[in-house]
Amino acid sequence: MPGGSRGRPAARVAVAILLLGAAGLSADPPRSPNVLLITVDTLRADRLSSYGYHRPTSPHIDRLIDQGVRFTQARTVEPLTGPAIASILTSRHPHEHGATRNALRIRPGLSSVARILRRERYTTVAFVSNWTLKSSVSGLDEHFHEYEEVLLRKRWLGLFKEESIAEDVTEAALEWLEEWREQGKEPFFMWAHYTDPHAPYLHRSRFAGRLRIPRSPSRASASERYDTEIAAVDHAIGEILEALRRDPLLRDTLVVFTSDHGESFGEHGAWGHGRTLWEEAVRIPLAFVWPGRLPPAVIDAPARSIDIAPTILGILDIESPEAFGGHDWSGVLRSGEAPPVLRTLIQAHRGAVLPGRDHDEAREKGLLEVAVIEDQIKNSYRPGGGRIRSFDLSRDPGEHRNLANGSDGPSGALSAWLDRVHDGLRSATELPAALDAEAVEKLRALGYLQ
């Protein structure tokens, strides 16, 4: 049969284009990936096995991180839960978003990664398990469609019911995911905040044997109990990760893993967090994991917690607002381009604010310390009469040799940073503290208020 149609190639191409166009019109547009942000309270990076810890505290987290991009020098911009989390979500420093201390609410109406993803037709949901993140205390609920406070336990020595353990958060998150599977058509942005391993460091004996820690709480040190809590939260997070792995509807999920701040166990004479800017208090784990989309890598360049929101948006090809102060690392994560050299700016403030205080005054007078890290040189200053401390972190990561030579006043970048923070604190819009009388008495008894 002669090929009569061979003389009409243009017509055949036109028909093919029309067919493809019709098919495209009827097909659903490509679905955006889900996003899961996991934050673990008070988690030091160096207590995870993937960051070199000698105990196997984090097998599930390790497997997650190994699939993605891990930052070895990530730091929070504030070692206190309320301010730190607000900075992660809004890509602003505490003196900019206003929640510089626990129980000071974030300024209303700010842009955030959650609010921007809502605009992009994401269903946004949060699961929080720490009293400092309650909607009435933090004001963060306005950024989410659903804001679930998982406050079921009396972790604080049985005194009040304002927190939960890791299992509770995972259970609530898995229940929500099951409902989403049945009716959700839009992608989700889920933020899950785990309170463990925050003080008072419960002894999770189920994991003690594997870690070679005494099974008796009375024989385990605070640091050892802290490790058992990391193992417990790792196990709970592993259940969510398994749900993502086995369910085709959940498999295409960008997972971001980090913590709000670290914890001190006597280093430099400090215990806990929130009052100093030593490395053990500000270093955090940080990983972005999207199997098949982000090639696994380790990045040794410094990153900041304010970089998390713009990087999530960058990975999703969504433009960040100008108000975001962090850096978008998505180009580095995707293509391995040279990482930037960023200046890390950190601040520390006093703890929770009592109701009835002048909140602007409490904010302005709450500043305890500022620090600037650039080219591995860390300079810090305590305005309340303290002197400059300067450390070369490349040679002295434990901050043992102060190079400041007795200097007693900030200069250069440190002085400029201190001025920026003070100016921001003075110009903050008055925002009320939101602790009731009962909570105040219990927190005072625990030494949580300053």
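The values are calculated or read from the model by the stated rules, or taken from the named source; none is laboratory data. What you see is a predicted model; the values in this text were computed from it and never measured. Heads up, the Cβs are rebuilt from the backbone with ideal geometry, glycines too, and the neighbour counts pull from every protein chain shown. Ligands, DNA and RNA are excluded from the accessible area calculation, which covers all protein heavy atoms including side chains. Shrake-Rupley method; radii C 1.70, N 1.55, O 1.52, S 1.80 Å.
Key figures for this structure:
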{"read-out": "Whole-Å distance, taken between Cα centres, linking the range 184-257 and the range 294-354", "value": "24"}
{"read-out": "Kyte-Doolittle at least 1.0, axis length at least 15 Å by Cα - qualifying DSSP helices, the chain", "value": "9-26"}
{"read-out": "Compactness of the chain as Cα Rg over 2.2 N^0.38 Å, two decimals", "value": "1.07"}
{"read-out": "Lysine-lysine proximity count for the chain, Cα under 29 Å, sequence distance 8 or more or distinct chains", "value": "9"}
{"read-out": "Bins of 5 Å, starting at 0 and running to the largest distance - Cα pair percent for the range 204-342", "value": "2, 8, 13, 15, 16, 16, 13, 9, 5, 2, 0"}
{"read-out": "Net length gained if the chain between ARG206 and ASP46 were fully extended (0.36 nm per residue, minus Cα distance)", "value": "55.4 nm"}
{"read-out": "Max mean-square fluctuation residue, GNM over the chain, Cα-Cα springs under 10 Å, options ASP141, ASP317, ASP196", "value": "ASP317"}
{"read-out": "Highest-first arrangement of 171-182, 91-102, where packing means the average Cβ count within 10 Å", "value": "91-102, 171-182"}
{"read-out": "Beta bridges per DSSP with both ends in the chain, % antiparallel, nearest 5", "value": "50"}
{"read-out": "Beta bridges per DSSP with both ends in the range 90-210, % antiparallel, nearest 5", "value": "10"}
{"read-out": "Relative contact order %, the range 96-159, counting alpha carbon pairs below 8 Å whose residues are six or more apart", "value": "32"}
{"read-out": "Rotationally averaged projected area of the range 306-387 (alpha carbon convex hull; nm²)", "value": "8.0"}
{"read-out": "Cα shape, the range 287-424, gyration tensor, a/c 1.5 rule", "value": "oblate"}
{"read-out": "Hydrodynamic radius by Kirkwood, which averages 1/r over all alpha carbon pairs of the range 233-314, in angstrom", "value": "15.2"}
{"read-out": "Per-peptide average of other Cβ atoms within 10 Å, ordering 256-268, 212-224, 106-118, 69-81 highest first", "value": "69-81, 256-268, 106-118, 212-224"}
{"read-out": "Percent accessible area from carbon and sulfur atoms, the range 258-370, protein chains only, probe 1.4 Å", "value": "49"}
{"read-out": "For the chain, built as a Gaussian network whose Cα springs stay under 10 Å, the top-fluctuating residue of PRO187, PRO83, PRO200", "value": "PRO200"}
{"read-out": "Estimated distance in nm for a label pair at ASP408 and ARG181, the labels positioned 7 Å out from Cα along Cα-to-Cβ", "value": "6.6"}
{"read-out": "Where the range 296-357 is the region considered: accessible area per residue in Å², 1.4 Å probe", "value": "40"}
{"read-out": "Net lengthening on full extension, SER221/ILE377 (0.36 nm per residue, minus Cα-Cα)", "value": "52.8 nm"}
{"read-out": "If the convex hull is drawn through the Cα atoms of the range 189-259, its volume per residue in Å³", "value": "88"}
{"read-out": "For the range 89-177: rounded, prolate or oblate by the Cα gyration tensor [a/c cutoff 1.5]", "value": "oblate"}
{"read-out": "For the range 124-260, Kirkwood radius (reciprocal of mean inverse C-alpha pair distance, Å)", "value": "16.1"}
{"read-out": "Extension gain, VAL298 back to LEU249 (0.36 nm per residue minus Cα-Cα distance, nm)", "value": "14.8 nm"}
{"read-out": "Contact order normalised by residue count of the chain, Cα under 8 Å, 6+ apart, percent", "value": "22"}
